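J.: Okay, here's the structure, questions in a sec.
The values are calculated or read from the model by the stated rules, or taken from the named source; none is laboratory data. In this text, all values refer to a predicted model and were calculated from it rather than measured experimentally. Cβ atoms come from the backbone with ideal geometry, glycine included; neighbour counts cover every protein chain shown. SASA here: full protein model, heavy atoms, side chains in, ligands and nucleic acids out. Shrake-Rupley method; radii C 1.70, N 1.55, O 1.52, S 1.80 Å.
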Amino acid sequence: MKVLVVGGGGREHALIRKIKESSKVSEIACCPGNGGISYDAKCYPVSATDIDGVVALAKEISADLVVVAPDDPLVAGMVDALNENGFKTFGPKANAAIIEGSKVFSKNLMLKYNIPTAEYKVFNNPSDAIAYIKEKNEFPTVIKADGLALGKGVLIPETLEDAEAGIKEIMEDKIFGASGNNVVVEEFLTGPEVSVLAFTDGKCVKPMVSSMDHKRALDGDKGLNTGGMGTVSPNPYYTDEVARECMEKIFIPTIEAMNKEGRTFKGCLYFGLMLTPKGPKVIEYNCRFGDPETQVVLPRLKTDIIDIFEAINNETLSDLDIEWSDEACACVILASGGYPKSYPKGLEITGLENGQAQGVTVYHAGTALKEEKLVTAGGRVLGVTALGADLQEALDKAYCAADKINFENKHCRRDIGQRALKAIK
Ligand code: AMP
Ligand code: GLY
């Protein structure tokens, strides 16, 4: 099989490495890919959001399967376009990807089908939103832009002034464009967060092993929100009992709700959960693999991922036994100093070969090849990932490798997995 993967970050690199293990795959292509991915797949300079360009590329290389990994092309209907042109795909169609593409849609879905989530109200004008926040007078409060916002569309203001400023930025200054035409204002929840990615063919849902993201830029969960500074799997807060409750109250009801709405979801559905004192609640849905969750989940997958993709296409997922390794996995992101704000690019990366060790994989996110040298090309540069017999071993191995890799102004959190370790002890 010839497989085309759409995207160019660490998540896509982890997907490609897993696809490469399949005996059914003879060739892997990626667009646009990145410096590191180019060692594992043939990269084509087509943007991940260019629907016509990706369809043309799939034709040019006669792709047998196209895996669309990022949110924007899924929400924009890339899978629909590929299917219309006769290509097999992995990823939901646009009418199902809306579960991530519109927070108003997902909140209304949860309310209608009784799926536990934070209480909320939707507003289409700033003065009503502010009047509601004033009247509630509960801080922190949570403000979410309706549409996609590069993972930055959630504000958690501590004061009325900050809430007013946030509403103005989203709804009047339109810092996220049309994504801010509507906002969701919701109750602030507390509790450990868990990421659960799940395979679904629309008939059954098979959750993958759990993980924990670390979204803030600095140690101790300080600093700005980022795309994710590191992950561990499994997430110790996600016990078998919690998993059973989530399956019954959240995962199955969500799949059924989407079917009832005529929006069958096929692909990887990401449940962002908070384990509140009142039970697990949905913080967000994503219509895709998480980044950097994928980097710690897929290394634990023992089943051929192509068999899973095919079972989803054939709607026979319930017949497939998906196997996972008992090992723990940790991923430490090496970021450009300054991320998630501004940072330089084009800095040479050295020491990658020194980081090599049994069970360690360095997934590339923001890297590029410049005159055969590997240089930085984004905020999140590398995801240094290690498997270990337990979480401590995985973390030790990941940090040991991460410390041997260098580029100017390299930044990583030193406390990835510490909260999880405390929960185990
Ligand atoms: P999201 O972009 O939806 O993943 O939200 C970013 C982060 O904001 C989440 O990972 C949570 O830590 C936090 N968050 C979102 N919604 C809530 C909520 N209702 N209560 C508390 N924290 C939240
Ligand atoms: N790591 C969070 C996400 O992929 O949205």
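J.: Tell me, which residue of the range 255-286 that is hydroxyl-bearing (Ser, Thr, Tyr) and crowded, with 19+ Cβ neighbours inside 10 Å is nearest to residue 206 (Cα to Cα)?
T.: It comes out as 270.
J.: Just one of 63, 129 is touching a Lys or Arg at 6+ places or on another chain (Cβ under 9 Å) and assigned to a loop (DSSP other than H, G, I, E, B); which is it?
T.: 63
J.: Right, here's the next one. Residues being touching a residue at least 60 places away in the same chain (Cβ under 8 Å) and touching a Gly at 6+ places or on another chain (Cβ under 9 Å): count how many of those fall in the range 257-272.
T.: Qualifying residue count for the region: 8.
J.: Tally time: how many residues in the range 91-120 are under 13 Å from residue 182 (Cβ atoms) and part of a loop (DSSP other than H, G, I, E, B)?
T.: Adding up the residues that qualify gives 1.
J.: What are the residues in the range 10-39 that are open to solvent by 50 Å² or more (accessible area, probe 1.4 Å) and assigned to a loop (DSSP other than H, G, I, E, B), if any?
T.: Listed by number, the residues that qualify are 21, 23, 24, 26.
J.: Conditions: (1) over 17 Å from residue 1 (Cα atoms); (2) in contact with a Phe, Trp or Tyr (Cβ under 9 Å, 6 or more places away or on another chain); (3) not polar (S, T, N, Q). Residue 105 meets all but one. Number of the miss?
T.: (2)
J.: In the range 292-312, how many residues are among the polar types (S, T, N, Q), out of contact with any Lys or Arg (no Cβ under 6 Å at 6 or more places or on another chain) and in a helix (DSSP H, G or I)?
T.: 1
J.: Within the range 253-274, is there a residue that is in a strand (DSSP E or B), more than 20 Å from residue 89 (Cβ to Cβ), hydrophobic (A, V, I, L, M, F, W, C) and away from ligand 1 (no atom under 16 Å from the Cβ)?
T.: No, that holds for no residue.
J.: Restricting attention to the range 87-115, which residues are in contact (Cβ under 8 Å) with a residue 12 or more places away in the chain and among the aliphatic types (A, V, I, L, M)?
T.: Scanning the range 87-115 gives 94, 96, 97, 98, 99, 104, 109, 110, 115.
J.: Give the residues of the range 41-63 that are hydroxyl-bearing (Ser, Thr, Tyr) and open to solvent by 80 Å² or more (accessible area, probe 1.4 Å), sorted by residue number.
T.: 49
J.: Here is a list of conditions, (1) in a strand (DSSP E or B); (2) closer than 15 Å to residue 13 by Cβ, and residue 289 meets all of them except one; can you say which number that is?
T.: All conditions pass for residue 289, except number (1).
J.: Residue 137 versus (1) of a type in the set (S, T, N, Q); (2) open to solvent by 40 Å² or more (accessible area, probe 1.4 Å); (3) more than 18 Å from residue 189 (Cα to Cα): which is the lone unmet condition?
T.: (3)
J.: In addition: Quick check on this structure: which one of 194, 232 is surrounded by 23 or more Cβ atoms within 10 Å (Cβ to Cβ), outside any helix (DSSP H, G or I) and either modelled with pLDDT under 95 or out of contact with any helix residue (DSSP H, G or I) (no Cβ under 6 Å at 6 or more places or on another chain) (or both)?
T.: Within the list 194, 232, the selection yields 194.
Residues checked against (1) open to solvent by 30 Å² or more (accessible area, probe 1.4 Å); (2) without any contact (Cβ under 8 Å) to a residue 24 or more places away in the chain; (3) assigned to a loop (DSSP other than H, G, I, E, B):
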site: 375; (1), (2), (3): no, no, no
site: 384; (1), (2), (3): no, no, no
site: 393; (1), (2), (3): yes, no, no
site: 398; (1), (2), (3): no, no, no
site: 401; (1), (2), (3): no, no, no
site: 404; (1), (2), (3): yes, no, yes
site: 414; (1), (2), (3): yes, no, yes
site: 422; (1), (2), (3): yes, yes, no
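J.: Just the residues that are surrounded by 17 or more Cβ atoms within 10 Å (Cβ to Cβ) and at positive phi, please, taken from the range 78-115.
T.: 91
J.: For the range 143-165, indicate whether the set of residues that are touching a residue at least 12 places away in the same chain (Cβ under 8 Å), open to solvent by 60 Å² or more (accessible area, probe 1.4 Å), part of a loop (DSSP other than H, G, I, E, B) and more than 30 Å from residue 238 (Cα to Cα) is non-empty.
T.: No, the range 143-165 contains no residue that is touching a residue at least 12 places away in the same chain (Cβ under 8 Å), open to solvent by 60 Å² or more (accessible area, probe 1.4 Å), part of a loop (DSSP other than H, G, I, E, B) and more than 30 Å from residue 238 (Cα to Cα).
J.: I've got another one for you. Could you grab me the full set of residues in the range 279-296 that are near ligand 1 (Cβ under 10 Å from one of its atoms) and in contact with a Gly (Cβ under 6 Å, 6 or more places away or on another chain)?
T.: The answer is 283, 284.
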